[in-house]
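Engineer: Sharing a structure below in structure tokens format, with a few things to ask.
The values are calculated or read from the model by the stated rules, or taken from the named source; none is laboratory data. Quick caveat: nothing in here was measured; it's all calculated off a predicted structure. Using ideal geometry, Cβ is built from the backbone for each residue, glycine included, and neighbour counts are taken over all protein chains shown. Surface accessibility is based on the protein's heavy atoms, side chains included, excluding ligands, DNA and RNA. Shrake-Rupley method; radii C 1.70, N 1.55, O 1.52, S 1.80 Å.
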Amino acid sequence: RSYCLTSRRVVVEQAFGGGEQQSVSLDRFDTIEIEVLPGQAWYPAGDLIFRNGPVETFRLSGVPRPEAFMHTCLKTRAGFVGVQRAREMGAAV
């Protein structure tokens, strides 16, 4: 598996060009938690849990350097949601 962050969503892709397995839109979560399972700390890895309020909407398992990817996802989400709000207000095309 590989994980891909686009300007609109987070995607789980099957290895070796197998295509998309699942994804979550950047407006379907507001927080991300990191859960380090037994054995993951050795590899600096962890699971990213995407939440919309208290509801878990998506999970990425075994993400290398999860803190860095979490911050990147949150920054990209902030830009995406900001543009959506501006469009709703008629400020952007």
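Engineer: Quick one: in region 13-29, of everything that is part of a strand (DSSP E or B) and at negative phi, which residue is surrounded by the most Cβ atoms within 10 Å (Cβ to Cβ)? Step through it out loud before you land on a result.
Structural biologist: Step one: of region 13-29, the residues part of a strand (DSSP E or B) are 13-14, 19-25.
Still in the running and at negative phi: 13-14, 20-25.
On the way: Glu13: 16, Gln14: 11, Glu20: 11, Gln21: 11, Gln22: 11, Ser23: 16, Val24: 18, Ser25: 13.
Looking at residues that are part of a strand (DSSP E or B) and at negative phi, I get Val24.
Engineer: Cβ-Cβ under 8 Å, sequence separation 6+ or interchain: first residue in region 58-84 and closer than 13 Å to Val10 by Cβ, partner polar (S, T, N, Q). Which pairs?
Structural biologist: Listed by first residue and then by second, the contacts come to Phe58/Gln22; Thr76/Ser7; Phe80/Ser7.
Engineer: Right, here's the next one. Within region 58-73, count every residue that is of a type outside the set (D, E, K, R) and over 10 Å from the mean Cα position of the chain (by Cα).
Structural biologist: Of all residues in region 58-73, those of a type outside the set (D, E, K, R) come to 58, 60-64, 66, 68-73.
With the extra rule that they be over 10 Å from the mean Cα position of the chain (by Cα), the set shrinks to 61-64, 66, 68.
Selection size over region 58-73: 6.
Engineer: Right, here's the next one. Considering only residues that are out of contact with any strand residue (DSSP E or B) (no Cβ under 6 Å at 6 or more places or on another chain) and either in contact (Cβ under 8 Å) with a residue 24 or more places away in the chain or open to solvent by 50 Å² or more (accessible area, probe 1.4 Å) (or both), which ones fall in region 40-55?
Structural biologist: Residues of region 40-55 out of contact with any strand residue (DSSP E or B) (no Cβ under 6 Å at 6 or more places or on another chain): 41-44, 52-55.
Of everything in region 40-55, those that are out of contact with any strand residue (DSSP E or B) (no Cβ under 6 Å at 6 or more places or on another chain) and either in contact (Cβ under 8 Å) with a residue 24 or more places away in the chain or open to solvent by 50 Å² or more (accessible area, probe 1.4 Å) (or both) turn out to be Ala41, Trp42, Tyr43, Pro44, Asn52, Pro54, Val55.
Engineer: Enumerate the pairs (first residue in region 4-17 and among the polar types (S, T, N, Q); second residue anywhere and open to solvent by 50 Å² or more (accessible area, probe 1.4 Å)) with beta-carbon separation below 6 Å, excluding pairs fewer than 6 apart on the same chain, so at least 6 apart or on different chains.
Structural biologist: Filtered contacts from region 4-17: Gln14/Gln21.
Engineer: May I pose another question? Inside region 56-75, can you point out the residues that are open to solvent by less than 40 Å² (accessible area, probe 1.4 Å) and in a helix (DSSP H, G or I)?
Structural biologist: Pro66, Met70, Cys73, listed by residue number.
Engineer: State which residue is nearest to Arg1 (Cα to Cα) when the search covers only region 76-93 and only residues that are open to solvent by 50 Å² or more (accessible area, probe 1.4 Å) and not charged (D, E, K, R). Before you say what the answer is, go through the steps one by one.
Structural biologist: Within region 76-93, the subset open to solvent by 50 Å² or more (accessible area, probe 1.4 Å) is 78, 83-85, 87-91, 93.
From what is left, the residues that are not charged (D, E, K, R) are 78, 83-84, 89-91, 93.
Numbers: Ala78: 26, Val83: 30, Gln84: 30, Met89: 39, Gly90: 39, Ala91: 39, Val93: 36 Å.
Restricting to residues being open to solvent by 50 Å² or more (accessible area, probe 1.4 Å) and not charged (D, E, K, R), the top hit is Ala78.
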